[in-house]
Every structure is written in C-alpha cells, then in structure tokens.
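**Student:** Here it is: the structure, laid out below.
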C-alpha cells in the first residue's frame, strides 16, 4: 500500500537583488528526490541556498519536519552549521589541504547524533574505497564529486541538497556518477533536493519536479504528471516528452530485443543488459511520437500504442501542436503539425494510435 | 664575548645585532596577532569603512618614517594621549625604551603583515567557508580548521616580511628609540654611528651582514613562491 506523503518541508522565501527577485512558496515531501528544474537564472540555486541557510539576506519562513529553521518576522535564523543538512556544490569543493579520508571525516566527526549513514556505507555507495589515502588534487573531476557526495552523506543529513552536481563534468564523468545517484535515490530515506537544468537528469532521478522561471515556481508536482502537462512555458515544450516507468518483461535473443511493459502497453527496444523484472525508466520525446487513425500496417515502426486524445495545446512553433493522449493510464505527448491535427480531426475523446519512433532509456 | 670570532666588531655591535633580532621577533609575534583580525575584516567586510581602514593600514608604506616617528613620539610623550595613559598605568613613558620601539615598529611594519594575510584570505573565497558550514563547523571552528591551513603560505610570507622589514627600519627607531646601547641601538642605527665616526670596517661588516640577510630572506621568499605556484 502506498502511503500519502505529507509535506515535511514548508518553504517561503523572498530574496531581492538588483535585477533578480526570488519569490517562492512551496511544500516538499519528506522523502524522495525533488528536482528544482529551470534555466540558468531561474533562481533554483538561490532557492537551494536559502534552504541551506547560506543566503543570509533572504526573507521568509522555513519549516522542516516540525522545526523552524527560519522565521524572518520573528528574527529566527538557524545558522547553516546547526542545520542537519548535506550540501553538494556544483563544482568539486573538497578541502585541498585534507586527504579524501580527512575530508570525509570533517563533517562526520562534528555530528554527535547516532550515525544512520555509516562512513563505510557512504564509501561503498559511491565506490571511493580505493581513493581514501589520496589528496584531492590527485583525483579526477568525477572522483572528486563522488567524494563530495559521500562527505555530505557521512554527516547523516536529514535533508540532502545537491546543486547541479554533474554540471561541471563531461558526458563520460556524468555517466560515471549517475548510477551512484540512482542508488542514492533507491537507498536513501531522506528528502533530496536536486537542482538541474537537464531534462534527462531530472527524468532519470526525480520523483517530484519544481519548475522555476524568473524566480518563481511555475509548476510543481509528480515527475510523470508534470512532464505530461501541456501548459508548461514555451521554453520547455521544445523538449517536451513524458517519462514512463516500465519493467523488463522479455528478451528476444534472436533479434536482440527487449520488451518493456508498463500500464497501458509495452515497447520493444534494443537488447538491454538488465534481467527480467528490473525496473527501468525511459523517456519518450513528443517529437518522436506520431499519430494514426488506425493501426498502421506495413510500417517499420514496431512500437504502436492505442491511446485516447485528452488535450490539445500550442507548441513551441505556430506550425505545431502538442497532443496529450492517455494510453491505458500512461500519458503520452505527441508533437504534430497543425495541418495534421485538422486532417485527422484530432479532438479530445478520439481513440487513435500513437507510433513511437524512438525511446530514450534512462540508465 | 662574540668579539673573539670577529675582532672587528665590538661588544656594542653584537649587542645591537642581538637587540635587533629580539625587536624583530617580538614585533613579528605581536603583528601576527594584531594583523590577522584586521586582515580578516578587510578581506570579508562589505562595510564602507573598508577603504578608510585599508588606507590607514597602508600609510607606513608611503609616509617618510620620520613623519610616523614624529606623531608616535608626540602621542607617547608626556602630554600625548598614549603617554598620559601609560603614566596612569604606572609604566612611565614609552619613548627611548624597548617597549616604545616595539609599539612604533608594530605600526611601521603593519602593512607588510596585513596585506599578504588579507590576500591569502581573499584568495580562499567564500566557498570553503560555506562548505565547512554545511559540514557542521561553526565559524571559529572553520577559521582554525580551514582558513588557517589554507592561508598558511600567506602567514609565512607575512611573518618573513614583517620580521625583515622591522630589522630594516631606521627612521622610526631614531625618532622613538634614539641611540641607547643595549636598549634601543639597533643595527641600522649602529651602522649610522660607525659611518659618522668614520669607522668604515665596522660599518662594512654590519652593512654587508644586513645586505646578505635581506637578500637571503627575499631569496627564500621568492623561490618558495615559485615552488608553490608550480604545484
């Protein structure tokens, strides 16, 4: 049975700088990964810093699991070092004068409460056991960031804040760290706020999404529902798409294919290494979905799903529209031309077939 | 007693060398304690007074030592505020004493300590302090476990410059300390005396010693910088 997750964090902040204002009011759940998502300059890092208490000139209110960390009206401000948080900065921020082991110990030995996350566990989770004796300048960028994450975890934080931990890394290093972040997602029972401007990272790691633009919260909600919404600002619709969580159902060894099942259908993808029964997330971009009135025959596209039109909305260009469909409980978004919309007579309630040209597997 | 090794230098000269060393050591230690908080404040503050304080600290770099010495002499004299205060404390007047020389030298060498330490603090930037705070370190804890170790090269530079600059002072010493053997007669003043008395051999030995000392100090300083910048 799934429990309702009550909001454990209530945050309300105003930060006013010349040319930029952050003004947010939001509730975050007590567990799972919340992506603070938006373009650069949208205020996502500032919001994260407010949660950590690193923005002293923020005005507002912050309530964390029954404790008040900030209440500007009553002059309450819990300094950062008294908040049970872990913070991972965008660039590697290890203390250069301390070895990896001493970096890990720095925060851990200053925490006196019972260690929920043991050092060994953090070291094992991030795969850095072989690096303990090294100095930070002898580590690669990816290794440094893994140590920084382990260092934050080793303090047994009750709230983990991560500011684009992968942004400063190249694709190879990103792919080196992402599996560790996914393990964190699966194993940690604390809320995580993860700042990102990469839709793929968000799709891979997040449970909830807070979409920010120009210092304001535009949309907040579950990952799948939020990405399936059509009313997001134009900037996001050029990359519109949905995330589907599926289970590895079958392998076809002759053709080197794998079938992934999800509520409402299945897709066939190139052979995956995962064993049957494993969960996998994949992303379907709206531009990779086309619509037909009947089940297409004689096509090379093998992923066809029956779906019902739910909603039609403007896309990023006047020539296109976004169509949201329901495939047996799974939302799908298609980006088609306005001419096709009229030719096919696409209206809400109409049953159609969605042809999926490509899926992007996440992890 | 040192005269046996260097027949050309009398006991008075060795006393001057020893006094110079003592003065520079005491001044350097005091400067590290006085200069560090000033440097920290200058590196971190956004106050409008930053420029004023920075300029006051830097004044000895450009003022003739006699100007600084003159004002200090007046302030520490019997009718000056510092003089009144020291008399009230019962320790008498500072001019023409070793403590007076120490006080004057602290002012005189202050920028040579504050500026390298301030540069080191500024180079650290706010990020390591924020990282330490997220790892539960209080501001004092952060200062001792993160800031001091990271600023160590700046402190070493500051101590070397503060020491060497105090050894090399002349004008302020003459104004405040005069020329009292074993109390205020430092090497630079002793050289002046020898030259006045046409004792060129002694002057050569002391001046050559100062030249060698200063060169070695700066050599050490600059080769250390080259070595660390390669790291």
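The values are calculated or read from the model by the stated rules, or taken from the named source; none is laboratory data. The shown structure was predicted, so the numbers you read here are calculated from the model rather than taken from an experiment. Here Cβ is always computed from backbone atoms with ideal geometry, including for glycine, and neighbour counts include all displayed protein chains.
Results for (1) part of a loop (DSSP other than H, G, I, E, B); (2) more than 16 Å from residue A:292 (Cα to Cα); (3) modelled with pLDDT of 90 or more, shown as yes or no for each residue.
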residue	(1), (2), (3)
A:312	no, no, yes
A:316	yes, yes, no
A:324	no, no, yes
A:331	no, yes, no
A:335	no, no, yes
A:341	no, no, yes
A:346	yes, no, yes
A:349	yes, no, yes
A:354	no, no, yes
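**Student:** Go through region A:157-186 and give me each residue that's assigned to a loop (DSSP other than H, G, I, E, B) and surrounded by fewer than 20 Cβ atoms within 10 Å (Cβ to Cβ). Steps first, please.
**Tutor:** Our first condition is that a residue be assigned to a loop (DSSP other than H, G, I, E, B); within region A:157-186, this holds for A:157-158, A:164-170.
Result: A:158, A:167, A:168, A:170.
Matching residues to (1) farther than 19 Å from residue B:175 by Cβ; (2) at pLDDT 90 or above:
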| residue | (1), (2) |
| --- | --- |
| B:77 | no, yes |
| B:80 | no, yes |
| B:86 | no, yes |
| B:90 | yes, no |
| B:99 | no, yes |
| B:107 | no, yes |
| B:114 | yes, yes |
| B:118 | yes, yes |
| B:121 | yes, yes |
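**Student:** If I ask for residues that are in a loop (DSSP other than H, G, I, E, B) and surrounded by fewer than 18 Cβ atoms within 10 Å (Cβ to Cβ), which ones from region B:133-167 would you list?
**Tutor:** Selection gives B:138 alone.
**Student:** Taking region B:105-130 only, how many residues are outside any helix (DSSP H, G or I) and more than 10 Å from chain A (Cβ to nearest Cβ)?
**Tutor:** Qualifying residue count for the region: 1.
**Student:** In region A:289-335, which residues are surrounded by 17 or more Cβ atoms within 10 Å (Cβ to Cβ), over 26 Å from the mean Cα position of the chain (by Cα) and without any contact (Cβ under 8 Å) to a residue 40 or more places away in the chain?
**Tutor:** Residue satisfying the conditions is A:320 alone.
**Student:** I'd like the full set of residues that are exposed (fewer than 14 other Cβ atoms within 10 Å of the Cβ) and either touching a strand residue (DSSP E or B) at 6+ places or on another chain (Cβ under 8 Å) or assigned to a strand (DSSP E or B) (or both), limited to region A:8-20. Talk me through it step by step, then tell me what you get.
**Tutor:** Let us first name the residues in region A:8-20 that are exposed (fewer than 14 other Cβ atoms within 10 Å of the Cβ), namely A:16-20.
Matches in region A:8-20: A:16, A:17, A:20.
**Student:** I'd like to know if region A:123-130 contains one or more residues that are buried (at least 23 other Cβ atoms within 10 Å of the Cβ), closer than 23 Å to residue A:30 by Cβ and either free of Cβ contacts under 8 Å to residues at least 40 places away in the same chain or more than 10 Å from chain B (Cβ to nearest Cβ) (or both).
**Tutor:** Within region A:123-130 (the criterion being buried (at least 23 other Cβ atoms within 10 Å of the Cβ), closer than 23 Å to residue A:30 by Cβ and either free of Cβ contacts under 8 Å to residues at least 40 places away in the same chain or more than 10 Å from chain B (Cβ to nearest Cβ) (or both)), the answer is no, since none of the residues qualifies.
**Student:** Is it fair to say residue A:35 is buried (at least 18 other Cβ atoms within 10 Å of the Cβ), touching a helix residue (DSSP H, G or I) at 6+ places or on another chain (Cβ under 6 Å) and more than 14 Å from every other protein chain (Cβ to nearest Cβ)? Spell out how you get there, then give the answer.
**Tutor:** Values: buried (at least 18 other Cβ atoms within 10 Å of the Cβ): yes; touching a helix residue (DSSP H, G or I) at 6+ places or on another chain (Cβ under 6 Å): yes; more than 14 Å from every other protein chain (Cβ to nearest Cβ): yes.
In short, yes.
**Student:** What number of residues in region B:60-91 are without any contact (Cβ under 8 Å) to a residue 24 or more places away in the chain and surrounded by fewer than 14 Cβ atoms within 10 Å (Cβ to Cβ)?
**Tutor:** From region B:60-91, those without any contact (Cβ under 8 Å) to a residue 24 or more places away in the chain are B:62-63, B:67, B:71, B:74-75, B:77-91; that's our starting set.
Keeping just the survivors that are surrounded by fewer than 14 Cβ atoms within 10 Å (Cβ to Cβ) gives B:62, B:78-79, B:81, B:85, B:87-91.
Qualifying residue count for the region: 10.
**Student:** Within region A:21-41, how many residues are part of a strand (DSSP E or B) and closer than 17 Å to residue A:222 by Cβ?
**Tutor:** Residues of region A:21-41 part of a strand (DSSP E or B): A:21-29, A:32-37.
Applying the additional criterion that residues be closer than 17 Å to residue A:222 by Cβ yields A:26-29, A:32-37.
Summing the residues that are part of a strand (DSSP E or B) and closer than 17 Å to residue A:222 by Cβ in region A:21-41 gives 10.
**Student:** Could you check, for region A:44-52, whether at least one of its residues is in the same structural domain as residue A:87 (by TED's automatic domain parsing) and farther than 17 Å from residue A:217 by Cα? Let's see the steps before the verdict.
**Tutor:** Taking region A:44-52 and keeping what is in the same structural domain as residue A:87 (by TED's automatic domain parsing), we get A:44-52.
Pick out the ones that are also farther than 17 Å from residue A:217 by Cα and you get A:52.
Checking region A:44-52: at least one residue is in the same structural domain as residue A:87 (by TED's automatic domain parsing) and farther than 17 Å from residue A:217 by Cα.
**Student:** Does residue B:22 fit the bill of being at pLDDT 90 or above, surrounded by fewer than 21 Cβ atoms within 10 Å (Cβ to Cβ), on the phi < 0 side of the Ramachandran plot and touching a helix residue (DSSP H, G or I) at 6+ places or on another chain (Cβ under 9 Å)? Steps first, answer last, please.
**Tutor:** On the way: at pLDDT 90 or above: yes; surrounded by fewer than 21 Cβ atoms within 10 Å (Cβ to Cβ): yes; on the phi < 0 side of the Ramachandran plot: yes; touching a helix residue (DSSP H, G or I) at 6+ places or on another chain (Cβ under 9 Å): yes.
Judged against the criteria, residue B:22 is a match.
**Student:** Among the candidates B:133, B:151, which residue alone is free of Cβ contacts under 8 Å to residues at least 60 places away in the same chain, farther than 15 Å from residue B:60 by Cβ, within 11 Å of chain A (Cβ to nearest Cβ) and touching a strand residue (DSSP E or B) at 6+ places or on another chain (Cβ under 9 Å)? I'd like the intermediate steps shown before the answer.
**Tutor:** Values: B:151 fails: touching a strand residue (DSSP E or B) at 6+ places or on another chain (Cβ under 9 Å).
So the residue among B:133, B:151 that is free of Cβ contacts under 8 Å to residues at least 60 places away in the same chain, farther than 15 Å from residue B:60 by Cβ, within 11 Å of chain A (Cβ to nearest Cβ) and touching a strand residue (DSSP E or B) at 6+ places or on another chain (Cβ under 9 Å) is B:133.
**Student:** Would you be able to tell me the number of residues in region A:140-155 that are surrounded by fewer than 19 Cβ atoms within 10 Å (Cβ to Cβ) and over 21 Å from residue A:196 (Cβ atoms)?
**Tutor:** Residues flagged as surrounded by fewer than 19 Cβ atoms within 10 Å (Cβ to Cβ) and over 21 Å from residue A:196 (Cβ atoms) within region A:140-155 amount to 1.
**Student:** Could you please tell me which pairs satisfy a Cβ distance under 6 Å, a separation of 6+ or placement on different chains, a first residue in region A:149-176 that is farther than 25 Å from residue A:9 by Cα, and a second residue that is buried (at least 21 other Cβ atoms within 10 Å of the Cβ)?
**Tutor:** From residues that are farther than 25 Å from residue A:9 by Cα, the pairs are A:174/A:166.
**Student:** Within region A:202-212, is there a residue that is touching a residue at least 24 places away in the same chain (Cβ under 8 Å), within 24 Å of residue A:84 (Cβ to Cβ) and within 14 Å of chain B (Cβ to nearest Cβ)?
**Tutor:** Step one: filter region A:202-212 for residues touching a residue at least 24 places away in the same chain (Cβ under 8 Å), giving A:202-212.
This time we only want the ones that are within 24 Å of residue A:84 (Cβ to Cβ), so: A:205-208, A:210.
From what is left, the residues that are within 14 Å of chain B (Cβ to nearest Cβ) are none.
No, region A:202-212 contains no residue that is touching a residue at least 24 places away in the same chain (Cβ under 8 Å), within 24 Å of residue A:84 (Cβ to Cβ) and within 14 Å of chain B (Cβ to nearest Cβ).
**Student:** If you take the residues of region A:65-101 that are at the interface with chain B (Cβ under 10 Å from one of its Cβ atoms) and part of a helix (DSSP H, G or I), which of them is nearest to residue A:46 (Cα to Cα)?
**Tutor:** Once the filter is applied, the top-ranked residue is A:80.
**Student:** Could I ask something else about it? How about region A:44-63: which of its residues are farther than 13 Å from residue A:10 by Cβ and not in a helix (DSSP H, G or I)?
**Tutor:** A:53, A:54, A:55, A:56, A:57, A:58, A:59
**Student:** If residue A:45 satisfies every condition in (1) away from chain B (no Cβ under 14 Å); (2) over 20 Å from residue A:184 (Cα atoms); (3) touching a residue at least 40 places away in the same chain (Cβ under 8 Å) but one, which is the exception?
**Tutor:** Going through the list (1) away from chain B (no Cβ under 14 Å); (2) over 20 Å from residue A:184 (Cα atoms); (3) touching a residue at least 40 places away in the same chain (Cβ under 8 Å), residue A:45 breaks only (1).
**Student:** To continue, here is another question. Just checking, which of A:225, A:245, A:253 is under 20 Å from the mean Cα position of the chain (by Cα) and either at pLDDT 90 or above or not assigned by TED's automatic domain parsing to the domain that holds residue A:327 (or both)? I'd like the intermediate steps shown before the answer.
**Tutor:** Numbers: A:245 fails: either at pLDDT 90 or above or not assigned by TED's automatic domain parsing to the domain that holds residue A:327 (or both); A:253 fails: under 20 Å from the mean Cα position of the chain (by Cα).
Matching residue, one of A:225, A:245, A:253: A:225.
**Student:** Additional query: Could you check residue A:265 against (1) on the phi > 0 side of the Ramachandran plot; (2) modelled with pLDDT of 85 or more; (3) surrounded by fewer than 19 Cβ atoms within 10 Å (Cβ to Cβ) and say which number it fails?
**Tutor:** (3)
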